[in-house]
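What follows is a set of notes on a single structure, which appears directly below.
The values are calculated or read from the model by the stated rules, or taken from the named source; none is laboratory data. Since this is a predicted model, take the numbers as computed values, not measurements. Cβ coordinates were reconstructed from backbone atoms using ideal geometry, including for glycine residues, and neighbour counts include every protein chain displayed. Calculation scope for accessible area: heavy atoms of the full protein, side chains included, ligands and nucleic acids excluded. Shrake-Rupley method; radii C 1.70, N 1.55, O 1.52, S 1.80 Å.
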Amino acid sequence: MPPQNSAHGPPFRVAMAGVVGRLIRCWCRRAVGGRSRSALPSGHPALHPGCCSLKVPALQLHVSKTAMGASQKDFENAMNQVKLLKEDPGNEVKLKLYALYKQATEGPCNTPKPGVFDLINKAKWEAWNALGSLPKETARQNYVDLVSGLSSSSDSSSQGKPEAERKQAGYETVVMTSEEGITKIMLNRPAKKNALTEQMYQEIILALEAASKDDSAITVLTGNGDYYSSGNDLTNFTNIPPEGVEAKAKNSAILLRNFVGSFIDFPKPLVAVVNGPAVGISVTVLGLFDLVYATDRATFHTPFSHLGQTPEGCSSYTFPKIMGPAKAAEMLIFGKKLTAGEACAQGLVTEVFPDSSFQKEVWTRLKAYSKLPQNAMRISKQIIRSQEKEKLHAINAKESSILQERWLSSECMNAIMNFFSQKAKL
Ligand SMILES: CCCCC/C=C/C(=O)SCCNC(=O)CCNC(=O)[C@H](O)C(C)(C)COP(=O)(O)OP(=O)(O)OC[C@H]1O[C@@H](n2cnc3c(N)ncnc32)[C@H](O)[C@@H]1OP(=O)(O)O
């Protein structure tokens with residue numbers, strides 16, 4: 001997961017300017033015993049981007065106008081996002097971030113003012129102290145807003161760069177790129193048919209979180225290689241922690257719920273570019289996408305009963321709604337594999353394209369859509385989704401909890417052992 005691994009975060013490329021910058025660099029080095037920033041363990045105090053600030057009028061405006069309400073999770077995500085910034089935000093912004101972070105976590109500044117020659121700590125103290133009695137919750141929200149502003153300006157400043165440079169660093173199992181108003185999240189384990197490991201679920205959650213805040217109009221999920229995705233990586237079930245299988249099942253259910261939740265909550269148009277066969281959870285979440293474009297080579301398969309498992313991804317609700325109860329049962333209970341044409345006829349797929357022209361036709365279409373007014377698209381999606389968002393979350397919770405039990409069943413354990421012992425194919 002990128003935020004846990006600062007070695008994968010992009011280096012801040014812009015050199016700190018001026019005397020204050022040089023002093024801060026010295027402080028950072030001193031504070032961490034001369035180690036480079038990327039070599040630091042995550043959570044090390046000196047990793048926190050709090051350094052120096054005077055005033056950042058535009059950003060401050062943005063900060064003060066926003067309503068309160070950032071959760072602890074938003075705050076933690078924002079801290080992670082700071083590590084992924086492509087460009088050094090500059091000392092002033094870093095000081096502001098430092099002050100907001102301290103205020104949000106410790107409350108008003110109550111430490112003695114550093115001495116007049118202790119320039120760096122004095123600057124930091126002044127920035128924190130200037131926040132007065134700002135409530136912790138407001139500071140947390142302002143921190144989140146400030147980071148969000150930085151992320152989008154950093155994204156838009158990279159628009160003129162070639163694609164290789166616009167790749168978001170820090171991901172290992174997905175490739176995230178932004179171009180012409182489209183953020184693409186590509187599953188990138190082609191040798192394993194893009195089977196979803198635990199790390200991959202986490203990276204997709206983070207990538208969706210980042211995409212929801214960037215300045216792209218549309219977000220696309222696709223696969224690298226001949227498969228879209230073969231669903232849950234069955235080795236996920238073989239890695240049992242010392243606490244035992246029950247703990248494993250519980251953690252997996254939490255991961256599943258968070259993963260599906262990030263599709264339910266995704267605020268922008270979300271498009272699946274299904275470049276090949278899709279299995280299991282990669283099929284079920286398609287019911288939460290706004291467009292599903294498929295190559296005619298794709299198939300759609302949810303062999304849950306074969307695996308001793310039950311539906312997830314809200315498919316117990318979305319599939320009957322999309323294709324009617326009879327067709328949904330054929331897929332979800334009996335594991336019938338659909339061709340792309342069948343999936344399209346049943347409403348799960350928006351449109352099927354010949355494999356030979358799939359990429360060209362789909363991306364031409366999406367580039368045209370990405371030029372539509374962004375806010376209108378986003379609001380339209382939200383109107384549609386808001387009608388059943390709570391219901392989807394409740395269904396997600398229920399499906400995850402039922403699966404937690406199923407994973408402990410002999411039916412499920414036997415099916416997984418069978419896959420590994422005989423390499424039984426679906
Ligand atoms: C924590 C949240 C849980 C959420 C619950 C989700 C449930 C689901 O998604 S259920 C669906 C699970 N998926 C499967 O059961 C698929 C299992 N895989 C297969 O049946 C086949 O691999 C195939 C039909 C997808 C592809 O067959 P083939 O074209 O013959 O290719 P290989 O089998 O040789 O695959 C290459 C390589 O990749 C490994 N692999 C593929 N899929 C998975 C997978 N889902 N889990 C683990 N490993 C997978 C396969 O074992 C091969 O590995 P090597 O032998 O080491 O090359």
Across K102/K124; K96/K136; K268/K398; K337/K391, pairs whose alpha-carbon gap is larger than 18 Å: K268/K398; K337/K391
Average accessible area per residue (Å²) across the range 165-214 - probe 1.4 Å, nucleic acids and ligands excluded: 34 Å²
Mind ordering 399-407, 109-117 by average Cβ neighbours within 10 Å, highest first? 399-407, 109-117
In whole Hz, with x marking every Gly and Pro, tabulate ³J(HN,Hα) for the range 260-266 from phi via Karplus 6.51 cos²θ - 1.76 cosθ + 1.60, θ = phi - 60°. 5, x, 6, 6, 4, 8, 4
Fraction of accessible area attributable to carbon and sulfur, the range 251-323 (%, probe 1.4 Å): 54 percent
Could you please put E172, E390, E246 in sequence from largest to smallest accessible area, using a 1.4 Å probe? E390, E246, E172
Rounded to whole Å and sorted largest first, what semi-axes of the equivalent ellipsoid does the C-alpha gyration tensor of the range 71-135 yield via the square root of 5 times each eigenvalue? 22, 17, 8
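Going highest first, how would you order 275-288, 204-217 by mean Cβ packing within 10 Å?
Going from most to least packed, we get 275-288, 204-217.
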If the limit is 27 Å between Cα atoms, which of K83/K192; K73/K94; K94/K250; K86/K213 go over it? K83/K192; K94/K250
Residues of the range 289-322 with the amide nitrogen closer than 16 Å to a label point 7 Å from the Cα of R365, along Cα-to-Cβ, please. 289-299
With every protein chain kept in the model, how would you rank E330, E243 by accessible area, 1.4 Å probe, largest at the top? E243, E330
With the cut-off at 1.5 for a/c, could you classify the range 337-392 from its C-alpha gyration tensor as rounded, prolate or oblate? oblate
Which order do you get for K83, K124, K336 if you rank them by accessible area with a 1.4 Å probe, largest at the top? K336, K83, K124
Dipole magnitude (debye, nearest 20) for the range 291-426, charges at Cβ of Lys, Arg, Asp, Glu: 440 debye
12 Å cut-off, amide nitrogen to a point 7 angstrom out along D296 Cα→Cβ, residues in the range 344-380: 352-358
Taking N as the number of residues in the range 230-375, what is its alpha-carbon radius of gyration divided by 2.2 N^0.38 Å? 1.14
Using a 1.4 angstrom probe, figure out how much accessible area the range 340-426 has per residue, in square angstrom, rounded to the nearest whole. 63 Å²
Can you tell me the relative contact order of the range 292-426? Whole percent, Cα pairs under 8 Å, sequence separation 6 or more. 36 percent
